[in-house]
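Questions regarding the structure given below will be posed in turn.
The values are calculated or read from the model by the stated rules, or taken from the named source; none is laboratory data. Being a predicted model, the structure only gives us computed values, none of them experimental. Quick reminder, even Gly has a Cβ in these numbers, built from the backbone with ideal geometry, and neighbours come from all protein chains shown. Note: accessible area is taken over every heavy atom of the protein model, side chains too, but ligands, DNA and RNA are not part of it. Shrake-Rupley method; radii C 1.70, N 1.55, O 1.52, S 1.80 Å.
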Amino acid sequence: SHKFCSSCNRMRLTSNGYLKTCLQFDSGKDLKLIMRNGCRDEELKAVILEAVDEKPGEHLFLEKTIIHEDILGMSQIGG
């Protein structure tokens, strides 16, 4: 729940090929779809770099009211 987002360098690749740029948000890139459509390595690299650039600036775990659909609470994320 601490805000260390400005120095966070973590992303997660889910088992279904989705690159999550933040645990709390659903934002990211569907790499499996891109790869199944026959992308070249350079295109895949560009999509990954785009995801890094779009990484959220901070999480909202400490907010009392969450109104955005793409925001997940700690109990929804699991471990």
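Look through SER27, SER6 and report the one residue that is in contact (Cβ under 8 Å) with a residue 40 or more places away in the chain, open to solvent by 100 Å² or more (accessible area, probe 1.4 Å) and touching an Asp or Glu at 6+ places or on another chain (Cβ under 8 Å).
It is SER6.
Another question, if that's okay. Here are the criteria: (1) open to solvent by 40 Å² or more (accessible area, probe 1.4 Å); (2) at pLDDT below 85. Tell me which single one TYR18 does not satisfy.
If we test TYR18 against (1) open to solvent by 40 Å² or more (accessible area, probe 1.4 Å); (2) at pLDDT below 85, just (2) comes out false.
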